[in-house]
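Participant: Following this message is one structure expressed as structure tokens.
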Amino acid sequence: MQYELRALKNFYRHHLLNDTLPFWFPRSYDREYGGFLLMRDADGNLIDDDKSVWFQGRTTWTLATMYNTVEKKEEWLEGARLGYEFLKNYCFDKDGRMFFHLTRDGKPIRKRRYFFSETFATIAYAAYAKATGREEIANEARLLFGKCLHYAETPDLLPAKFYTTRPAKGIGVPMIMLNTAQQLRETIGDPRCDAVIMACIEEIERDFVKDDIQCVMEQVAPDGSIIDHIDGRTLNPGHAIEGAWFILHEAMYRNNDARLVQLGCRMLDYMWERGWDKQYGGILYYCDVYGKPVQEYWHDMKFWWPHNETIIATLLAYLITGEQRYDDWHRQVHEYAYKHFHDNKNGEWYGYLHRDGRVSQGAKGNLYKGPFHLPRQEWYCMQLLEKFLDSSKLKE
């Protein structure tokens, strides 16, 4: 088993450094306007020069994290600088809120009601602050984190997207704030992090995890009850599984805290059962909590990122608990993903498959896909296995 885990670690390291990252860099650096040009076809050719603010932040985080934890590569640090400066110079509106979609030269196109752009900028600033040792950037990250907390706690401050008499809340906010706080704690530190993390986990467990029907809801009423309408019933298994690994990561940080291990594993168990496609393999994108028809026509497609999150979650669950089913699930999702999503010719992963595993379209980058979920998965699994193997040596 030690040999297999070592081979798996080497596999993730090889793909990260020799396949995934080289697809994006250095060609995605925008040395004229700053930031990154990430909307790319299967072969890496640019198909659009607009910029996703999410991915200006996420890519900055990726590059700074590689510099901080893998290799002090000046190219990565320089790339992170391009991202940080573009975020700071172009991505904030006059009201302090961030845009969602910009032209190449930083002119605003769209702004969204939610504040995910701000969370990705927060982790980008924090990782870049650690890479550079610049305390003023660390303070910018902490200030932005405080704004995110304010938005999360008082959502009515954000401009209404539409009028509704059926209020709801999504699992996305406590999930994103949980992970943002974890990232800050691990890079620059912030005294608010531990309390934020535990409050987010408490909200997820109280309102979204439904043990009676073995499910993790994507959306609930403000009191945590199920909204028995199409939107309220729609589940996103990969998203809930991402939340599961955030909680398992916290359990590991807290010396394998038994309650958090159990919670993360329950979430993974419930959503693997609902999300794994028993006919074709892979994680279905959407399903209905009661097995009714789903409104979104792409519900049975296979998107890349739920597989990244499930690869992490199953490996974490296996290494923490030693339970064989998690090893089996990890092998299943790993083999499916690298067989169907990975592009052996050009590198990186396709983003979208039909249910039977055929590639739907070849783009590797768009407003929602870029160098984040896949490199994070390969980096995280590599680091996780390295630590596990090192600790196993100490026990021998």
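Participant: Counting pairs of alpha carbon atoms under 8 Å apart in space and at least six apart in sequence, what relative contact order in percent does the chain give?
Facilitator: Details: 662 pairs, mean separation 71.6, N = 396.
Taking the mean separation of contacting Cα pairs over the length of the chain, I get 18 percent.
Participant: Related question: Restricting attention to segment 26-130, which GluC sites (Glu not before Pro) occupy a DSSP loop and are surrounded by at most 12 other Cβ atoms within 10 Å?
Facilitator: Details: sites: E32, E71, E74, E75, E78, E85, E118; in loops: E32, E71.
The qualifying sites are E32, E71.
Participant: Taking amide H positions as placed in the peptide plane 1.01 Å from N, state which residues far from R40 in sequence (5 or more) or on other chains have amide H under 5 Å from it.
Facilitator: Residues meeting the criterion, in which the H sits 1.01 Å from N, are I47, K364, G365, N366.
Participant: Which length gain, in nm to one decimal place, applies between D48 and A7 when the Cα-Cα distance is subtracted from 0.36 nm times their residue separation? Present the calculation step by step, with values, prior to reporting the outcome.
Facilitator: Working: separation 41, 0.36 × 41 = 14.76 nm, distance 3.80 nm.
Between D48 and A7, full extension yields an extra 11.0 nm.
Participant: Now for a different question. Could you calculate the contour length gain from R254 to S360, that is, 0.36 nm times the residue separation minus the distance between their Cα atoms, to one decimal place in nm? Numbers along the way, then the final one.
Facilitator: On the way: separation 106, 0.36 × 106 = 38.16 nm, distance 4.16 nm.
Net length gain for the segment: 34.0 nm.
Participant: Of the peptides 297-309, 351-363, 54-66, how do they stack up when ordered by the mean number of other Cβ atoms within 10 Å, highest first? Mind showing how you got there, number by number?
Facilitator: On the way: 297-309: 20.7, 351-363: 15.6, 54-66: 27.8.
In descending order of packing, they fall as 54-66, 297-309, 351-363.
Participant: Placing unit charges on C-beta atoms (Lys and Arg positive, Asp and Glu negative, everything else neutral), compute the dipole magnitude of segment 169-255 about its Cα centre in debye, rounded to 20. Provide the component values of the computation, followed by the final result.
Facilitator: On the way: 7 positive and 15 negative charges, 36 e Å.
I would put it at about 180 debye.
Participant: Can you give the charge dipole size of segment 30-163 about its Cα centre, rounded to the nearest 20 debye, using +1 on the beta carbon of Lys and Arg and -1 on the beta carbon of Asp and Glu? Present the calculation step by step, with values, prior to reporting the outcome.
Facilitator: Details: 21 positive and 21 negative charges, 84 e Å.
So the dipole magnitude of segment 30-163 works out to roughly 400 debye.
Participant: Can you tell me which of 180-186, 106-112 comes out highest on packing, and rank the rest after it, using the mean Cβ neighbours within 10 Å?
Facilitator: Working: 180-186: 22.9, 106-112: 14.0.
The packing order, highest mean first, is 180-186, 106-112.
Participant: Moving on to the next point. Label-point separation (nm) for K73 and K387, each offset 7 Å from Cα along Cα-to-Cβ?
Facilitator: 2.2
Participant: Can you list the DSSP H helices in the chain whose Cα atoms extend at least 30 Å along the helix axis and whose mean Kyte-Doolittle hydropathy is -1.0 or higher? Walk me through the numbers before you get to the answer.
Facilitator: Details: long enough: 373-395 (33 Å, -0.70).
Helices meeting the criterion: 373-395.
Participant: Now a separate question. In debye to the nearest 20, how big a dipole does the chain give about its Cα centre with +1 on each Lys and Arg Cβ and -1 on each Asp and Glu Cβ? Write down the numbers at each step before the final one.
Facilitator: Details: 51 positive and 57 negative charges, 103 e Å.
Computed charge dipole of the chain: roughly 500 debye.
Participant: Quick check on segment 30-163: take the gyration tensor over C-alpha atoms, sort the square-rooted eigenvalues as a ≥ b ≥ c, and tell me if it's rounded (a/c under 1.5), prolate or oblate.
Facilitator: Details: a/c = 2.12, a/b = 1.21, b/c = 1.76.
Oblate, since a/c reaches 1.5 and b/c is not below a/b.
Participant: Using a cut-off of under 15 Å, list every residue of segment 93-129 whose amide N is near the label point 7 Å from the Cα of L143 along the Cα-to-beta-carbon line.
Facilitator: 93-98, 122, 125-126, 129
Participant: Put +1 on the Cβ of every Lys and Arg and -1 on every Asp and Glu Cβ in the chain; which of L144, I312, Y338 then has its Cα farthest towards the positive end of the dipole?
Facilitator: About the Cα centre, the residue reaching furthest to the positive side is L144.
Participant: Which cross-chain or sequence-distant (5 or more) residues have an amide H under 5 Å from the amide H of S360, H modelled 1.01 Å from N in plane?
Facilitator: Residues meeting the criterion, in which the H sits 1.01 Å from N, are Y352, L353, H354.
Participant: What order do you get for 272-282, 371-381 when each peptide is scored by the mean count of other beta carbon atoms within 10 Å, highest first?
Facilitator: Details: 272-282: 16.7, 371-381: 23.7.
The most tightly packed comes first, giving 371-381, 272-282.
Participant: May I pose another question? Once both labels are modelled 7 Å past Cα along the beta-carbon direction, what's the R113-Q214 spacing in nm?
Facilitator: With each label placed 7 Å out from Cα toward Cβ, I get 3.5 nm.
Participant: How far is the Cα center of segment 178-213 from the Cα center of segment 318-350, in Å?
Facilitator: Centre-to-centre (Cα) distance: 26 Å.
Participant: Could you tell me which of rounded, prolate or oblate describes the chain, using a ≥ b ≥ c as the square roots of the eigenvalues of the alpha-carbon gyration tensor, with rounded for a/c under 1.5 and, failing that, prolate when a/b is larger than b/c and oblate otherwise?
Facilitator: Values: a/c = 1.23, a/b = 1.08, b/c = 1.15.
It comes out rounded by the Cα gyration axes.
Participant: Counting pairs of alpha carbon atoms under 8 Å apart in space and at least six apart in sequence, what relative contact order in percent does segment 30-163 give?
Facilitator: After rounding, I find 24 percent.
Participant: Pairs K111/K364; K72/K369; K107/K364; K88/K210; K210/K302; K302/K345: which exceed 32 Å Cα-Cα? Provide the component values of the computation, followed by the final result.
Facilitator: Values: K111/K364 24 Å; K72/K369 26 Å; K107/K364 24 Å; K88/K210 41 Å; K210/K302 25 Å; K302/K345 21 Å.
Table pairs above 32 Å Cα-Cα are K88/K210.
Bear in mind these aren't lab numbers, they're just calculated from the coordinates by the rules spelled out. Since we're looking at a predicted model, the values are computed, not measured. Because the Cβ atoms are built from the backbone with ideal geometry, glycine has one as well, and the counts that use them run over all protein chains shown.
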